[in-house]
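Single-structure report; data block below.
The values are calculated or read from the model by the stated rules, or taken from the named source; none is laboratory data. Keep in mind that this is a model prediction, so the values were computed, not measured. Quick reminder, even Gly has a Cβ in these numbers, built from the backbone with ideal geometry, and neighbours come from all protein chains shown.
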Amino acid sequence: MSHEYSKTPEALSRLTDSQFRVTQEDGTEPAFRNEYRSLFETTDTTSTEERTS
């Protein structure tokens with residue numbers, strides 16, 4: 001399966017602001033604040049000692 005991509009104004013206009021920043025301006029996605037975050041179960045990584053301090 002081959003998908004050709006051309007960097008056209010129409011293709012760029014379909015990108016979200018975040019997608020544009022990451023793919024066209026060498027940006028990065030903000031950690032823990034993206035659309036896939038809810039797919040992972042969160043866990044409490046704070047130790048008991050840290051919670052009682």
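Here are the numbers:
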{"item": "1 or more residues at pLDDT below 80: qualifying helices (runs of 4 or more DSSP H) within the chain", "result": "48-52"}
{"item": "Any pair with Cβ under 9 angstrom, 6 or more apart, that starts in the range 1-30 at a residue that is free of Cβ contacts under 8 Å to residues at least 40 places away in the same chain and exposed (fewer than 10 other Cβ atoms within 10 Å of the Cβ) and ends at one that is assigned to a helix (DSSP H, G or I) and of a type outside the set (F, W, Y)", "result": "Y5/A11; K7/Q24; T28/R21; T28/V22; P30/S18"}
